[in-house]
Each structure stands twice: as C-alpha cells, then as structure tokens.
Amino acid sequence: NMSIVFAILLFSILIFVHELGHFLAAKASGVQVNEFSMFMGPAIFKKQVGETLYALRCIPIGGYCAMEGEDNDTDNPRSFQKATWWKRIIILAAGSFMNLLIGILIVAVVLFTQPRYTTTEIVHVEQWSTLAQENGLKAGDTILSFNGEDIVIYEDFKLATMLLPDGEYEMKV
C-alpha cells in the first residue's frame, strides 16, 4: 500500500532531520560523534569519515546520533558528559528545534503551492466546494455574499463554508 510507504518515508525524513539537529549541534559544540545512523538493524552501507561512522541500516524505523560519553562514563575530554551544561542543552534541544523548522517549512510549502484565487468569479465549478456544486453554481457566476458576509476572494467563501453550521444559509450570486 502506497500510503504505508509514504508514511514510512515521511517519518524517516522527520527522524533524519531530528537526528541531524543533534549531530550538527554536537559537532559545532566540539562533542565527538561516534556514529550517525539512519534506520536500525544491520548496516546496508557504512563509511568512516574521521571519528564518525555514517551508516544506513536495513530496518526503516528510527535512527540515531551516538555521541561519546552519552550512555557510559569516559575520560574523553570531548565527550557529551564533559561538555558544558549549556552545550548539552543545545545539543538535546537541537533535534526538536529541527523538527519545528521542518514543520514550518512543510506548512510554508503547502500554503505557497496551493492555487490562490483572487476573485470570486467561478472559473471551474470543481475548484469550488461541494456546496457550490449542489447549488447549481456554474462558470461565470460571481459570489457576492454568504450569510450576510461579503465575499471578496475565494478564501472568504472557503472559510465561510467551512464554518457553516447545519441548516439554512443565504448566498448572493
């Protein structure tokens, strides 16, 4: 089912961005990153670059950024434990911050890629709501008001119909 594949892909992107936030903040803070991995399980691909092992694993869930001293005691001066308290907070918060940024980016893409109708003249009935279709509106009609509210742009009509209580309404065309 494509929706499951899409959900896994979207979830994987969110995890990657989250872990990338931890990774970038750790590197910028001078904390040693031992491994940056996408997914879980045995590695399909891995490459050591400097002190960090980059891996792509076979089970498409999760991912991680493994920092030195994150889970165990170490004498390494570049460990997560030895970083100042404010660097540790930044590293931990960076994952959530990156998720916030990706959320804002997704909303921006959705908002700015949707067609914007700057008139209430109906060009294609399909572009309008089911309400418009049910009321016999046709191409060339112009909606002037809905339940006493002036309709200036398509978004006004869309909002008015979304907030429509059950029952009767008045529309001037």
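How large is the helix-only mean residue ellipticity at 222 nm for the chain, computed as the sum of -39500 (n - 2.57) over DSSP H runs with n ≥ 4, divided by its residue count, in deg cm²/dmol to the nearest 500? It would help to have the intermediate numbers written out before the result.
Working: 4 runs with 70 residues, N = 173.
Dividing the helical sum by the residues of the chain leaves -13500 deg cm²/dmol.
Please state, as a whole number in µm²/s, the translational diffusion coefficient that the Stokes-Einstein equation yields for region 1-71 at 4 °C and 1.567 mPa s, with Rh defined as the Kirkwood radius across alpha carbon pairs. Write down the numbers at each step before the final one.
Details: Rh = 12.7 Å.
Answer from the Stokes-Einstein relation: 102 µm²/s.
Give me the net charge for the shell around ARG88: Cβ to Cβ below 15 angstrom, other residues only, Lys and Arg +1, Asp and Glu -1.
Numbers: positive: LYS27, ARG78, LYS82, LYS87; negative: GLU68, GLU70, ASP71.
Net charge around ARG88: +1.
Using the Karplus equation 6.51 cos²θ - 1.76 cosθ + 1.60 (θ = phi - 60°), what ³J(HN,Hα) coupling, rounded to whole Hz, does each residue of region 85-91 give in order, writing x for Gly and Pro?
4, 6, 5, 5, 5, 4, 4
I'd like to compare 43-51, 90-98: which one has the highest average count of other Cβ atoms within 10 Å, and what's the full order after that?
On the way: 43-51: 10.7, 90-98: 17.7.
Put in order of decreasing packing, that is 90-98, 43-51.
Please give the net charge around ASN72, taking every other residue with its beta carbon less than 15 angstrom from that of ASN72, where Lys and Arg add +1 and Asp and Glu add -1.
On the way: positive: ARG78, LYS82; negative: GLU35, GLU68, GLU70, ASP71, ASP73, ASP75.
Summing Lys/Arg as +1 and Asp/Glu as -1 gives -4.
How much of the calculated P(r) for the chain lies past 20 Å, in percent of all Cα pairs?
On the way: 9939 of 14878 pairs.
Of all Cα-Cα distances in the chain, 67 percent exceed 20 Å.
May I ask for the net charge around SER145, where only other residues with Cβ less than 14 Å from the Cβ of SER145 are counted and Lys, Arg are +1 while Asp, Glu are -1?
-4
Between LEU56 and MET2, how many nm apart are label points set 7 Å from Cα along the C-beta direction?
2.3
When you count, for each residue, the other Cβ atoms within 10 Å and take the mean per peptide, how do 34-42, 63-71, 135-143 rank with the highest first? List each step's numbers first, then the result.
Working: 34-42: 16.2, 63-71: 20.0, 135-143: 13.3.
Ranked by mean Cβ neighbours within 10 Å, highest first: 63-71, 34-42, 135-143.
Which residue, chosen from TRP86, ALA43, LEU20, occupies the Cα position most advanced towards the positive end of the dipole of the chain, where the dipole is computed from +1 (Lys, Arg) and -1 (Asp, Glu) charges on Cβ about the Cα centre?
ALA43
So which lysines can LYS47 reach, going by Cα to Cα under 23 Å and dropping same-chain residues fewer than 8 places off?
LYS27
Could you work out the Kirkwood radius for region 33-116, taking every pair of different alpha carbons, averaging 1/r and inverting it, reported in Å? Write out the running numbers ahead of the final one.
On the way: mean 1/r = 0.0654 Å⁻¹.
This gives a value of 15.3 Å.
Run down the lysines and flag those whose C-alpha is under 27 Å from the C-alpha of LYS138, throwing out any fewer than 8 positions away in its chain.
LYS158, LYS172
Where a number appears in this text, it was derived from the coordinates with a stated rule and is not lab data. What you are looking at is a predicted structure, and each value in this text was computed from that prediction instead of being measured. When we count neighbours, we look across all protein chains shown, and the Cβ atoms used for this are built from the backbone with ideal geometry, even at glycine.
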